[in-house]
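For reference, the structure discussed in these notes is given below.
The values are calculated or read from the model by the stated rules, or taken from the named source; none is laboratory data. These figures come from a predicted structure and were not determined experimentally. Note that we place each Cβ from the backbone using ideal geometry, even for glycine, and neighbour counts take in every protein chain shown. Just the protein is used for accessible areas: all its heavy atoms, side chains included, with ligands, DNA and RNA removed. Shrake-Rupley method; radii C 1.70, N 1.55, O 1.52, S 1.80 Å.
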Number of protein chains: 2
Amino acid sequence: MKKDVRQINLLPENLPNRWYNIIPDLPEPLPAPKGDMTAMGKTMIKECLSQEFSRENWIEIPEELQETYQQIGRPRPIFRAANLERFLDTPAELYYKAEGLFSPTGSHKINTAVAQAYYAKRQGFERLVTETGAGQWGTALSCAARITGLEATVYWVRAVYKWKEARRDFMKLYGAEVFASPSKNTETGRKLLKEDSEHPGSLAIAISEGMEDALSDDKAAYVLGSVLNHVLLHQTIIGLECRKQLEAIDRYPDIVVSCIGGGSNFGGIALPFLGDVLKEGKKTRFVAAQTEAAPNLQGEYRYDNADYSGITPRLKMYTLGHQKDMPPVYGDGLRYHGCSPILSLLRNKGYIDTVAYPIDEKYVFEAARIFLSREGFLPAPESAYSIAAAIDEAKECKESGETKIILFNVSGHGFMDMEGYRQVLQI
Amino acid sequence: MKKDVRQINLLPENLPNRWYNIIPDLPEPLPAPKGDMTAMGKTMIKECLSQEFSRENWIEIPEELQETYQQIGRPRPIFRAANLERFLDTPAELYYKAEGLFSPTGSHKINTAVAQAYYAKRQGFERLVTETGAGQWGTALSCAARITGLEATVYWVRAVYKWKEARRDFMKLYGAEVFASPSKNTETGRKLLKEDSEHPGSLAIAISEGMEDALSDDKAAYVLGSVLNHVLLHQTIIGLECRKQLEAIDRYPDIVVSCIGGGSNFGGIALPFLGDVLKEGKKTRFVAAQTEAAPNLQGEYRYDNADYSGITPRLKMYTLGHQKDMPPVYGDGLRYHGCSPILSLLRNKGYIDTVAYPIDEKYVFEAARIFLSREGFLPAPESAYSIAAAIDEAKECKESGETKIILFNVSGHGFMDMEGYRQVLQI
């Protein structure tokens, strides 16, 4: 049998050395945040704040950080899911980016975590404070802080904190302080605990707590793992690598698929290609896979807070409301009320399609099992949504007979998420 | 700051396309197995049996299997552990091969699993039967069988089966049948269960059970994940990649370090370099890291069985005795009474040094934490031994002031082994 391309990669020395900032290329100006910027201004890393509003198209990745990108396993390969194609009997070509599977902490989150840690250290901060939902961001931030020589404090949504024991220990192994949120450390937390001593928490509440904590300590920076422009900027390394890798085999994606919560992994893979659509008139379609538990892209496009208590400024974004109750799902990383302002604007202008999968998660976990059985790799629950949507697109190609190039992101691995598979698939 | 090399890799198209067979280069003929070969002859894959005794120096990797190697993430990068070097303040250069961290099932075991599955399928087998200790081999085999389109049955040492719930579900997710061993399926198992209904089992017992099972089914092949020559042959892909990668930065290892149980990961990284020592007079030193729970290289060099019941032929190897009781350790993959005949011969001739670490595992887990805190990656308990030995060598270089090149293998990741860290480090 003729040897086919199954994996496409770059050499480490050919890692992209700039991030792509889509803001100047957007079809209209990005609406500015509204409300009190004091808290953000005080706790945010200056370089990140400057990147948040930058009008430069390309932002250099500092050389030391390029080394760190190599250290955390970048560049990461694209795989051609040839076995999956055969199983689906589709004329489409399926390519997936192995973000989570080749990451030290299990997901793409490390890409911005090391960048933020780098800038924080340079500015003289000694501690990074953050929130986490599924736990992937908390782990990434703990790792980044540790290898950069900073302390880390993580407020973790209690509902998830309680059962993800291994991931909790993983953060602690990196030396991080980890609190179940709401916690007794903050005003916001104490108030909610008074109402319910076992309050399950939410990402928005954990953000409020983290910001309160950071505001009380001059040496602490507050960092976020999604939604904001500079976070998506750092994640564009994913799509920039993909573009180079696909170029090497003379391919360009007709469809780019990824799951979406706050938008960091979706933006990471999609923005460089969205830029091509805006600047060069490429016809690529973008599909965001969501959960019906939090279909924020199907919400309202309006100003809303990123956090529960309203400490953060309000952002113009698709939102379900910042105090919205959302049912628990194993793909907890997708369970957030709002979506990145950049992606929201592009969604509003018709550049991004969306699909939301049922709350019982049977369909997406079954898709993950189909993927695993052909390609071998175990995806995170969040990435199962990405896979489900890619498979759906490949099936449509079978119907229509179209030979489309589908690129999807497997943003996290599932080695620490077996509980979800066990429960949903009854293995 | 000047950008340094932190990661060295090959492009997928430059993956080595042959395995290295050291047998013809050994300083004296490898002693032949003794005793009844009937069971082995009946249940083993023919191509593997032929490779077991091959006198060819190089064995072609079939093109289809080269594709599968790409599919499972080969080539895998070497990382320069520059942060760890700085922390240790050593003049040595430390390079580690990220075998486990870039593997779909968490370790190097997949390298031979997919090869054996490929040959088994070609021969018309429909099911693969095996044993597993730590669970890494069982997972790899389950994955390889699934993606190749075969069934898998795994006999898993009960003492480990009981607490590694996530890894058990992982194998089942790949569609494998998984039994705690001793089991009721076999004569060997039933006999031992009569003595003790909660018998903890051992790798040697599980091998006996697996062979019995395979002997009762014409469509089943029995496969092993370590010890045998053909298994080490398939694993030489690790060292062959390393040699190419280090060549690219004009380096050659003075010391090669890895942990050793049956010998598959140690042999995988070391054999190509041991070949250079034998053929070209290179002066590289080889260090095998063991547990005092099973310091088989410090046992006797004599003929012994690979399994508990004596179904397998006897192999000339360093052994603690095939019915030896060995205390449990978290690095369970190292807990085996015997060592590969090839490595045993080389050990006997003075080519391999050995060090054994205490049973409480505090030293090795602490070494893993030091590694994690600087390099970011979470090693498997077995790989913690490799890291401990590499750090010890780097410290000696600090004493002596020697700028040695140390290459070590991180053969497994620890995402599913947090329990060991929790207990040993009391996090």
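Here, P(r) means the percent of Cα pairs in each 5 Å bin from 0 to the largest distance; for segment B:174-255 it is 3, 12, 16, 15, 13, 10, 7, 7, 7, 6, 3, 1.
Each Lys and Arg contributes +1 and each Asp and Glu -1, all at the Cβ; summed about the Cα centre of segment B:1-111, the dipole is approximately 400 debye.
Give the average, rounded to an integer, of partner chain Cβ atoms located within 10 angstrom of each Cβ in B:70-83.
Going residue by residue through B:70-83 and averaging, the value is 5.
Couplings 3J(HN,Hα) of segment B:40-47, computed from phi: 4, x, 6, 9, 7, 6, 4, 4 Hz, in residue order, whole Hz [Karplus 6.51 cos²θ - 1.76 cosθ + 1.60, θ = phi - 60°; x for Gly and Pro]. Across peptide A:6-18, the mean count of Cβ atoms from other chains lying within 10 Å of each residue's own Cβ comes to 5. Both the radius of gyration and Dmax for segment B:217-349 are 15.7, 52 Å, in that order, over alpha-carbon atoms. Accessible surface for chain A, divided over its residues, is 33 Å² per residue with a 1.4 Å probe. Evaluated over the Cα positions of segment B:42-102, the convex hull gives a direction-averaged projected area, one quarter of its surface, of 7.2 nm². For a quick check, take a GNM of chain A with Cα springs below 10 Å and name the residue from A:A221, A:A159, A:A206 with the largest mean-square fluctuation. Maximum among the listed residues: A:A159. Scanning residues 5 or more positions from A:I405 or on other chains, those with amide H under 5 Å from its amide H are A:E93, A:D254, A:I255, with H placed 1.01 Å from N in the peptide plane. With the convex hull drawn around the C-alpha atoms of segment A:75-223, the volume per residue stands at 131 Å³.
What does the helix-only formula give at 222 nm for chain B: each DSSP H stretch with n ≥ 4 adding -39500 (n - 2.57), the total divided by the residues, and the result rounded to the nearest 500 deg cm²/dmol?
So the helix-based figure for chain B works out to -12500 deg cm²/dmol.
Pairing chains A and B buries close to 5100 square angstrom of accessible surface in total, based on protein heavy atoms and a 1.4 angstrom probe.
Evaluated over the Cα positions of the protein assembly as shown, the convex hull gives a direction-averaged projected area, one quarter of its surface, of 33.0 nm².
Taking a Cβ cut-off of under 15 Å around B:D36, the surrounding Lys, Arg, Asp and Glu residues balance to a net charge of 0, with basic ones at +1 and acidic ones at -1.
Of all the options B:T132, B:T403, B:T90, the one that moves most in a Gaussian network model of chain B with Cα springs shorter than 10 angstrom is B:T403. Inter-chain Cβ neighbour count for B:140-148, averaged per residue, equals 2 (cutoff 10 Å, partner chain atoms only).
With all distinct Cα pairs included, what does the Kirkwood hydrodynamic radius of segment A:330-427 come out to in Å, to one decimal, could you say?
Kirkwood radius, segment A:330-427: 14.7 Å.
At q = 0.14 Å⁻¹, what base-10 log of I(q)/I(0) does the Debye formula yield for chain A when every alpha carbon is treated as an equal point scatterer in vacuo? Scattering profile of chain A, log10 relative to I(0): -1.29. So what's Rg/Rh here for segment B:81-140, counting alpha carbon atoms and using the Kirkwood radius for Rh? Taking Rg over the Kirkwood Rh, I get 1.24. Between segment B:209-234 and segment A:348-413, how many Å separate their Cα centres? Going from one Cα centre to the other spans 36 Å. With chain B treated as a Gaussian network of Cα nodes joined by springs under 10 Å, which of B:G338, B:G100, B:G275 yields the largest mean-square fluctuation? Maximum fluctuation in the GNM of chain B, among the listed residues, is at B:G275. A Förster radius of 30 Å combined with the Cβ-Cβ distance from A:K362 to A:D89 puts the calculated FRET efficiency at roughly 0.85.
DSSP bridge analysis restricted to the protein assembly as shown gives an antiparallel fraction near 35%, rounded to the nearest 5.
Protection proxy ranking for A:37-45, B:237-245, using the average of other Cβ atoms within 10 Å per residue and placing the highest first: B:237-245, A:37-45. Segment B:125-164 has equivalent-ellipsoid semi-axes of 20, 9, 6 Å, by the square roots of 5 times the alpha carbon gyration tensor eigenvalues, sorted largest first. For chain B, hydrophobic long helices are taken as DSSP H runs at least 27 Å long by C-alpha position along their axis with mean Kyte-Doolittle hydropathy of -1.0 or more; these are B:229-248, B:381-400. Comparing A:L345, A:A288, A:P327 along the charge dipole axis of segment A:285-427, the residue lying farthest to the positive side is A:L345, per the Cβ-charge model.
Compute the signed sum of charges (Lys and Arg +1, Asp and Glu -1) over the other residues within less than 12 Å, Cβ to Cβ, of B:A120. Walk me through the numbers before you get to the answer.
Working: positive: B:K46, B:K121, B:R122, B:R127, B:K219; negative: B:E47, B:E126, B:E151.
With Lys, Arg at +1 and Asp, Glu at -1, the net is +2.
Magnitude of the charge dipole for the protein assembly as shown, about its Cα centre and with charges confined to Cβ atoms of Lys, Arg (+1) and Asp, Glu (-1), is about 400 debye. For segment B:1-46, a simple Cβ point-charge model (Lys and Arg +1, Asp and Glu -1, everything else neutral) yields a dipole of about 240 debye relative to the Cα centre.
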